[in-house]
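Read through the structure below, which is laid out as structure tokens, and then see the notes.
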Amino acid sequence: MNKCVFLDRDGVLNEELGFQVTSFDQFKIKDGVAEGLKRLKSAGFILIVITNQSGIAKGHYTDEFVMKCHNAIQEISDNALDDIYFAPGYDTVSKTLSRKPNSLMFERAIAKHHIDIANSWMIGDRESDMIPAKKMKFTTIQVTSDEGSSQADFVVDDFTSAVGAVLS
Ligand SMILES: [Mg+2]
């Protein structure tokens, strides 16, 4: 069984700009992410990104663009990420059971990667990350400058602090 840190992408690994990132020059990886991912990896966690990317269904960008952004994170983190699941759908365009706060992407990852649920974590920034993660019974960390979700076990200011909470 593998202990895992599940990671939301936008607002956690890259800057949340208040609009959907649709071009690569808008994709800014946050401070501390490369180092933090390497530290989690060194501590024996597998790392899986779970991200809503409804811009695909809306025609704002392609799945190739999502993978280009993913590869940029891989390059600066010595390929720390083990897998990525993204939900391309949006209910007004194409119905999806994958899109968070639904838990289907998590359930698929748990089965494929033999996840040790009791020793696994979710780092996200939105309530919609906390809801499925709590349903799966992970320990939840919310990275936010706002008031934390009632579903968050820990509320922190930045990714480095989230990594600290996992490793403490
Ligand atoms: Mg987010």
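The values are calculated or read from the model by the stated rules, or taken from the named source; none is laboratory data. Note that the structure is predicted; figures quoted are calculated from it, not measured. Neighbour counts run over all protein chains shown; Cβ positions are idealised from the backbone, glycine included. Surface accessibility is based on the protein's heavy atoms, side chains included, excluding ligands, DNA and RNA. Shrake-Rupley method; radii C 1.70, N 1.55, O 1.52, S 1.80 Å.
When region 41-168 is described by a simple charge dipole with +1 on each Lys and Arg Cβ and -1 on each Asp and Glu Cβ, the residue from 106, 139, 43 located farthest towards its positive end is 106. Largest GNM mean-square fluctuation across 23, 98, 128, computed for the chain with C-alpha springs under 10 Å, falls on 23. With viscosity 0.692 mPa s and temperature 37 °C, the Kirkwood radius over alpha carbon pairs of the chain converts through Stokes-Einstein to a diffusion coefficient of 208 µm²/s. Neighbours of residue 132 by Cβ distance under 13 Å: Lys/Arg scored +1, Asp/Glu scored -1, total +3.
Non-local lysine pairs in region 57-168, meaning eight or more places apart or on different chains, with alpha-carbon distances under 24 Å, amount to 15. Were the residues from residue 93 through residue 42 laid out at 0.36 nm apart, the gain over their Cα-Cα distance would be 14.3 nm. Here the chain is assigned +1 on the Cβ of each Lys and Arg and -1 on the Cβ of each Asp and Glu. Its dipole about the Cα centre then comes out at about 600 debye. Among the chymotrypsin sites (Phe, Trp or Tyr not before Pro) within region 1-87, those in coil by DSSP and having at most 10 neighbouring Cβ atoms inside 10 Å are 19. On a per residue basis, the chain carries 48 Å² of accessible surface, using protein heavy atoms and a 1.4 Å probe.
Label zone (residue 127, point 7 Å along Cα-to-C-beta; backbone nitrogen cut-off 14 Å) within region 71-103: 101-102. To put it simply, the accessible area of region 24-168 at a 1.4 Å probe is 48 percent carbon and sulfur.
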